[in-house]
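**Q** Have a look at this one.
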Amino acid sequence: MLVEAQRNRGAVRRVTGLARSTPGRLSLLALLLIVLSLLVGALTAGAVQRRSDALEALADHSEPLAFAAQEVYRAMADADATASSAFLSGGVESADLRRRYEADVAKAAAALSVATSEIIRSPELTTALSTLSGQLPVYTGLVETARAHNRQGNPVGAAYLREASTLMRDQLLPAARELYRVENGDVVRDLGGAGSLPWLEFLLGVLALAVLVFAQRYLTRRTNRVFNPGLVVATALTAISLLWVLAASLVVVYSASASRNEATLVDLLARARIATLTARGDETLTLVARGSGAAYEASYVEVDKELGDLLVRSRGLTPKVEEALEHHEQWQQAHRRVREADDSGDYTTAVAVALGRDPAGAATAFDELDSDLVDAIGAARAELTGAIGRARAGLGGAVPGVVVLALLAAAASTFGLWQRLKEYR
Amino acid sequence: MRRLPAVVLVLVLAACAPVPSGAPPIGGGSAVPPRPADVVELTAPPSAPAVAPASCDPTASLRPTGPLPAPGQMPAGSTMAKIQAHGRLIVGVDQNSYLMGFRNPFSGELEGFDVDMAREVARAIFGDPGAIQFKVLTSEERIPALEERRVDIVVRTMTVNCERWQKVNFSTVYYQAGQRVLVPSNSDVTGIESLGGRRVCVTKGSSSLANVAAAPSRPVPVSVPNWTDCLVMLQQGQVDAISTDDTILAGLAAQDPYTKVVGPQFTAEPYGMAFPKADEDFVRFVNALLERLRADGTWASIHRRWLGAPPAPPVAVYRD
């Protein structure tokens, strides 16, 4: 033990002795500059990489998944509304409605398989996703049973349809809503991650520059030479690296804040579209229930109000929803006519206004509102992915650039100090 | 220092320990059977009915005051005149009882024995069986709909009994039904007595529910809003039997050849049309109409159209 302590003390003395002599100090300074350049380079590269990862997650996972979740919800709500309409229009549904229902189920299943592929990213969605993929086939089975009974003229078909609709409203749609909520939350989170201000990168760069400047002033005092070419080059390289990283990060921050508006708009429009479909389902189910549909009508009134709010809020972000607002108003008028006819006992007129191809009817206004929203969502989503793409382009090459510049700066510092050290040989 | 190799060994071993997968297990593998909306399994029997007056004969209704007025010329100030002024008769019916009151899936129209009887009432007031607005009611909604005057009349497989007489008025009996049991055709159930402890489907607020809950064999009642919901549950194996009036059971059995109606009628279920408690003049009017429908063969032809060869119509009983 005693021998060991003496040995340690000897080592300490050697190091402090080295630190007292000028060549020793220069060596230590060289070592410090190498370590600092490499460390700052690595940390900055890491920070840039994190930003780039957040953008990649946003572009390749969160945004497409949120869209998939929205598709799952939309397709399922539409399938339910379509199945009710088909039932209302008489036992044998029209080929159009049948095609629409089939397309919805296909779309829901396809979007669901995209959403399910990412289950490892969001384990909290296990329950919602297994409800969705487990109950969708049960739902379609019930709808087909209802069809088979309808074709034979059995009123039990309507009971199967009610059971299917209950399954949709009580289990599938809430699970789809949860899926959308989580996926949309991921978009917001990744946008936040990509859009944070680059303080860490800035402070690291400034620290590296400050140490380099200090080293040069020290050398000037010690060696009476104003400039050390190696250290000047290292300072320039570090400054370039800092400016590059700051410029690229600020481009990303700017694009991310623009994307945040677009993401909000996509979210508002997506919710407006879901509200549209829900209101349409309520409108038809009120008629299917024939006199005992007060609960559906109450739900219609609530969802319609929400739809109006969402459209007005989206108008602040894009002028594209003006037409949607007009069609929404037309639909409200048609819906009032449906209710007036139904409440005054004219059921046939009520069904005709709700389902018929009359240009002033509810079906026409609903279809146009729906296609307005599809267009607006498409445009907003293109803006969003465009903004994310621009942000990713801004970061292009930044990580290898930072690494290479850090290596070169370390090499330049070493070279510069080596020239001074040689003088002490 | 001598412990160092051991420490290193432990650290190396810890580093070599297998890293478990972060993937979540496969969830939700157990089947969740779908159920109709608002299914309730009744563990406690429904509240006991209020004690009926001892003298109550539920089938006895109010005597007609005279011959029927001509259609379109209702006596001034009467309930019928108000309905006439309103332009249509608002009738509470069922759309889920095949053959009694149901929606024809091909036409979307409501049809059945009850619906045709209601159209006769409209014909007697307006001279037009189409001057009618249907409101679909579940069993449970019938009495509240009358009390809140959302409908003028209920013609919906409604059993007359003393408890209901306290809230609404009934016409004379227009159909005599009785409660029986519907089971899958391979079932060993022979009637209400062999349903002890088994799940039996009935609708909420129906007299069938009270009868099943009161059965000595103690079945487990499961209640749903509509009779067709019961057939769905039977077909999905969620209940063992359905028990209600034979008319409704016949309509359910006609939709599923793999069911059979078993056991004798264990209750008498006389159907009457129901009216708000205040509309006594309307009750007397409809009773006069029913007298005519029984006498002129209209009742028999409606019965033949929906329920097969007609028996003698139920005899009218009056309480004055």
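**Q** Check A:E71, A:E124, A:E102 and return the single one that is acidic (D, E), out of contact with any Lys or Arg (no Cβ under 7 Å at 6 or more places or on another chain), over 20 Å from A:S165 (Cβ atoms) and in a helix (DSSP H, G or I).
**A** A:E124
**Q** Another question, then. Would you pick out the residues in the range B:113-148 that are of a type outside the set (K, R) and under 14 Å from the mean Cα position of the chain (by Cα)?
**A** The answer is B:D114, B:V136, B:L137, B:T138, B:S139, B:E140, B:E141, B:I143.
**Q** Which residues, counting only those in the range B:98-120, are on the phi > 0 side of the Ramachandran plot and either open to solvent by less than 20 Å² (accessible area, probe 1.4 Å) or facing chain A (nearest Cβ under 9 Å) (or both)? Full working, then the answer.
**A** Taking the range B:98-120 as the starting set, the residues that turn out to be on the phi > 0 side of the Ramachandran plot are B:99, B:108, B:112.
Answer for the range B:98-120, where residues must be on the phi > 0 side of the Ramachandran plot and either open to solvent by less than 20 Å² (accessible area, probe 1.4 Å) or facing chain A (nearest Cβ under 9 Å) (or both): B:G108, B:G112.
**Q** Shifting gears a bit: Hey, any hits in the range A:383-401 for a residue that's surrounded by fewer than 23 Cβ atoms within 10 Å (Cβ to Cβ) and more than 25 Å from A:A256 (Cβ to Cβ)?
**A** Looking through the range A:383-401, none of the residues is surrounded by fewer than 23 Cβ atoms within 10 Å (Cβ to Cβ) and more than 25 Å from A:A256 (Cβ to Cβ).
**Q** Looking only at the range B:190-202, count how many residues are crowded, with 24+ Cβ neighbours inside 10 Å and either closer than 19 Å to B:M158 by Cα or among the basic types (K, R) (or both).
**A** Selection size over the range B:190-202: 2.
**Q** Mind checking which residues of the range A:46-62 are free of Cβ contacts under 8 Å to residues at least 24 places away in the same chain and either outside any helix (DSSP H, G or I) or within 10 Å of the chain's Cα centre (by Cα) (or both)?
**A** Matches in the range A:46-62: A:D60 only.
**Q** Considering A:V105, A:V40, A:V48, which residue is open to solvent by 30 Å² or more (accessible area, probe 1.4 Å) and not charged (D, E, K, R)?
**A** A:V105
**Q** Looking at (1) assigned to a helix (DSSP H, G or I); (2) open to solvent by 50 Å² or more (accessible area, probe 1.4 Å); (3) within 28 Å of A:W418 (Cα to Cα), find the lone condition where A:V226 falls short.
**A** (1)
**Q** I've got another one for you. Within the range B:150-177, how many residues are more than 20 Å from B:E111 (Cα to Cα) and within 14 Å of chain A (Cβ to nearest Cβ)?
**A** 1
**Q** Counting only residues that are open to solvent by 20 Å² or more (accessible area, probe 1.4 Å) and aliphatic (A, V, I, L, M), which one in the range A:337-376 is nearest to A:T276 (Cα to Cα)?
**A** So the residue we want is A:V374.
**Q** Report whether or not A:E329 is open to solvent by 30 Å² or more (accessible area, probe 1.4 Å), within 25 Å of A:A79 (Cβ to Cβ) and either of a type in the set (S, T, Y) or within 33 Å of the chain's Cα centre (by Cα) (or both).
**A** The answer is no for A:E329.
**Q** Count, please, the residues in the range A:82-99 that happen to be at pLDDT 85 or above and either surrounded by 24 or more Cβ atoms within 10 Å (Cβ to Cβ) or not in a helix (DSSP H, G or I) (or both).
**A** Number of matching residues: 2.
**Q** Now for a separate question. Kindly provide the set of residues from the range B:24-61 that are modelled with pLDDT under 75 and small (G, A, S), ordered by number.
**A** B:G27, B:G28, B:G29, B:S30, B:A44, B:S47, B:A48, B:A50, B:A52, B:A54, B:S55
**Q** Could you say which residue among A:L136, A:L167, A:L129, A:L142 is over 24 Å from A:F87 (Cα atoms) and either open to solvent by less than 20 Å² (accessible area, probe 1.4 Å) or assigned to a helix (DSSP H, G or I) (or both)? Please lay out each step first, then the result.
**A** Values: A:L136 fails: over 24 Å from A:F87 (Cα atoms); A:L167 fails: over 24 Å from A:F87 (Cα atoms); A:L142 fails: over 24 Å from A:F87 (Cα atoms).
Going through A:L136, A:L167, A:L129, A:L142 in turn, just one is over 24 Å from A:F87 (Cα atoms) and either open to solvent by less than 20 Å² (accessible area, probe 1.4 Å) or assigned to a helix (DSSP H, G or I) (or both): A:L129.
**Q** Only one of these is aliphatic (A, V, I, L, M), closer than 27 Å to A:E63 by Cα and surrounded by 15 or more Cβ atoms within 10 Å (Cβ to Cβ): A:A334, A:A379. Name it.
**A** A:A379
**Q** Filter the range A:175-211 for residues that are hydroxyl-bearing (S, T, Y) and part of a helix (DSSP H, G or I) and give the result.
**A** A:Y180, the sole residue that qualifies.
**Q** Right, something else. Residues in the range B:222-246 that are open to solvent by less than 10 Å² (accessible area, probe 1.4 Å) and more than 14 Å from every other protein chain (Cβ to nearest Cβ): how many?
**A** Looking only at that region, the number is 6.
Each row is one residue, and each column tells you yes or no for (1) more than 26 Å from B:C201 (Cα to Cα); (2) open to solvent by less than 10 Å² (accessible area, probe 1.4 Å); (3) in contact (Cβ under 8 Å) with a residue 60 or more places away in the chain.
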site	(1), (2), (3)
B:V136	no, yes, no
B:A145	no, yes, no
B:V155	no, yes, yes
B:V160	no, yes, yes
B:V168	yes, yes, yes
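**Q** Follow-up question, since we're still on this one. Counting just the residues of the range A:149-174 that are facing another protein chain (nearest Cβ under 7 Å) and at pLDDT 90 or above, which one comes out farthest from B:N104 (Cα to Cα)?
**A** A:L167
**Q** Got a sec? Which of B:P75, B:P129, B:P58, B:P67 is open to solvent by 30 Å² or more (accessible area, probe 1.4 Å) and under 23 Å from B:A268 (Cα atoms)?
**A** So the residue among B:P75, B:P129, B:P58, B:P67 that is open to solvent by 30 Å² or more (accessible area, probe 1.4 Å) and under 23 Å from B:A268 (Cα atoms) is B:P58.
**Q** Out of (1) over 30 Å from B:K135 (Cα atoms); (2) buried (at least 20 other Cβ atoms within 10 Å of the Cβ); (3) at pLDDT 90 or above, what's the single condition that is false for A:A263?
**A** Going through the list (1) over 30 Å from B:K135 (Cα atoms); (2) buried (at least 20 other Cβ atoms within 10 Å of the Cβ); (3) at pLDDT 90 or above, A:A263 breaks only (3).
The values are calculated or read from the model by the stated rules, or taken from the named source; none is laboratory data. From a predicted model like this one, the values you see are computed outputs, not experimental measurements. Here Cβ is always computed from backbone atoms with ideal geometry, including for glycine, and neighbour counts include all displayed protein chains. Heavy atoms of the whole protein, side chains included, go into the accessibility calculation; ligands, DNA and RNA do not. Shrake-Rupley method; radii C 1.70, N 1.55, O 1.52, S 1.80 Å.
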